[in-house]
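In what follows, a structure is listed as structure tokens, so that the remarks can point back to it.
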Amino acid sequence: MQSEAGPEPVHVDGGDLGCARLLVLLRARARELPPGTVVHLTTSDPVAPIDLPAWCRMTGHRYLGPVPDGPPPATYAIEVAADARPTDPDRPWHVAPDA
């Protein structure tokens, strides 16, 4: 379903995953999506408001901020970048060595 503003965001439920596993989930999903897709990531991770903007700056994805009316516990919006920098397979909070 599309709205006048564009395609509906893709929802990713991060549940209670901690930082590293949450970023692995987000990284995997972002790889499958076309550039410009907005992802709504729902998570109870208390450090997500710090980790997600930092990860987006590092990778090149665009952090759009909290979604005011997103499902609880908290939802954050990220726009998938066309030229995102890959992260280390074992450490998603680090840029891949050959990137």
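Here, each number is a calculation from the coordinates, and none is a lab measurement. Just so you know, these numbers come straight off a predicted model, no measurement behind them. Cβ atoms come from the backbone with ideal geometry, glycine included; neighbour counts cover every protein chain shown.
Top mean-square fluctuation among ASP69, ASP16, ASP88, Gaussian network model of the chain, C-alpha springs under 10 Å? Comparing ASP69, ASP16, ASP88 in a Gaussian network model of the chain, the most mobile one is ASP69.
The helix-only estimate of mean residue ellipticity at 222 nm for the chain, built from DSSP H runs of length n ≥ 4 each weighted as -39500 (n - 2.57), is -8500 deg cm²/dmol after division by the residue total.
Computed from phi, the 3J(HN,Hα) profile of the range 49-63 under the Karplus parametrisation 6.51, -1.76, 1.60 (θ = phi - 60°) reads x, 9, 5, 5, x, 5, 5, 5, 4, 5, 8, x, 5, 9, 7 Hz, with x in place of Gly and Pro.
Suppose every Lys and Arg Cβ carries +1 and every Asp and Glu Cβ carries -1, with no other charges. What dipole size does the chain come out with about its Cα centre, to the nearest 20 debye? Around 240 debye, computed over the chain.
Amide H to amide H, with H built 1.01 Å from N, VAL67 comes under 5 Å of THR75, TYR76, ALA77, counting only residues 5 or more places away or on other chains. Remark: the TYR63-SER44 segment gains 5.1 nm on full extension, using 0.36 nm per residue and subtracting the alpha carbon distance. Separation of the range 67-93 and the range 6-47, taken as the distance between their Cα centroids, equals 5 angstrom.
Result for the chain in a Gaussian network model with C-alpha springs under 10 Å: among PRO68, PRO35, PRO53, the largest mean-square fluctuation is at PRO68. For GluC sites (Glu not before Pro), the sites in the chain that DSSP calls loop and that have at most 12 other Cβ atoms within 10 Å are GLU4. Taking square-rooted eigenvalues a ≥ b ≥ c of the alpha carbon gyration tensor, is the chain rounded, prolate or oblate, where a/c under 1.5 means rounded and, failing that, a/b exceeding b/c means prolate? Because a/c hits 1.5 or more and a/b fails to exceed b/c, the chain counts as oblate.
Taking every DSSP bridge with both residues inside the chain, close to 70 percent are antiparallel.
Here the Karplus relation 6.51 cos²θ - 1.76 cosθ + 1.60, evaluated at θ = phi - 60°, turns the backbone of the range 71-81 into coupling constants of x, x, x, 8, 10, 10, 9, 9, 9, 6, 8 Hz, with x for every Gly and Pro. In the range 15-80, Cα pairs under 8 Å separated by at least six residues give a relative contact order of 39 percent.
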